[in-house]
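Beneath this line is the structure, given in structure tokens, with notes to follow.
Since every read-out is calculated from the coordinates, none of them should be taken as a lab result. The structure displayed is predicted, hence computed values, not measured ones. We place every Cβ from the backbone using ideal geometry, glycine too, and count neighbours over all the protein chains shown.
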Amino acid sequence: MGAVRTPRDRWIEEGLRALAEGGGPDAVRVEALAKQLGVTKGGFYGYFADRDALLEAMLDTWERESIDEVIDRIEREGGDPKTKIQRAGMLTFSNDRLLPIDLAIRDWARRDAAVAERLRRVDNRRMALLREMIGTFCADPREVEARSMLAFCVAIGEHFIAADYQGLTRAEVRARAADLVLDRDSG
């Protein structure tokens, strides 16, 4: 009887973990992943032609989980558009698993045109969702675009801000920003 092979998704998951821990794509090395998985690297080649194929599979997984699965879940769980926007943000940008991967991919995209194009596609789908949801309670297309951009900037940008908040917690500021973008004071 032959040896039990490490499943393909474990290689992908370990690659995403290495990427997200701050090493960027350079940290995604077959030998290092095999060591972390406690296996030999021979099984890797049963699933992937090379390291580039693994990197592509990692991007596919990130895109599916951060867009397709998020949209499926917010539609399945329902709610009004404002609730759906908040749920999408929580599932993506407050998620202990997806957030570090997303931020690492954003960094990677600064140095790799193909990754930048993939990120653009994902961000365009995220923005389309925001436009659709915000458009249900805001009629002005220019304001819809501005609110969508502000919501997206808060979701991503808050992770890069090191400033202290005057008498408020980060969560309180984030909640107030959401109230402003989602027009909770007047609607």
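What do the square roots of 5 times the Cα gyration tensor eigenvalues come to for the chain, in whole Å, largest first, as semi-axes of the equivalent ellipsoid?
Over the Cα atoms of the chain, the ellipsoid semi-axes are 37, 18, 15 Å.
Quick one: 3J(HN,Hα) in Hz for region 8-22, Karplus 6.51/-1.76/1.60 with θ = phi - 60°, rounded, Gly and Pro as x.
Listing the rounded values in order: 3, 5, 5, 4, 5, 4, 5, x, 5, 5, 5, 4, 6, 6, x Hz.
In what sequence do E63, E21 fall when counting other Cβ within 10 Å, fewest first?
With the sparsest Cβ surroundings first, the list reads E21, E63.
Quick one: check the C-alpha center-to-center distance for region 142-182 versus region 5-52, whole angstrom.
Measuring centre to centre over Cα atoms gives 36 Å.
Relative contact order for region 8-181 using alpha-carbon pairs under 8 Å, separation at least 6, rounded to a whole percent?
In percent, rounded to a whole number, it is 19.
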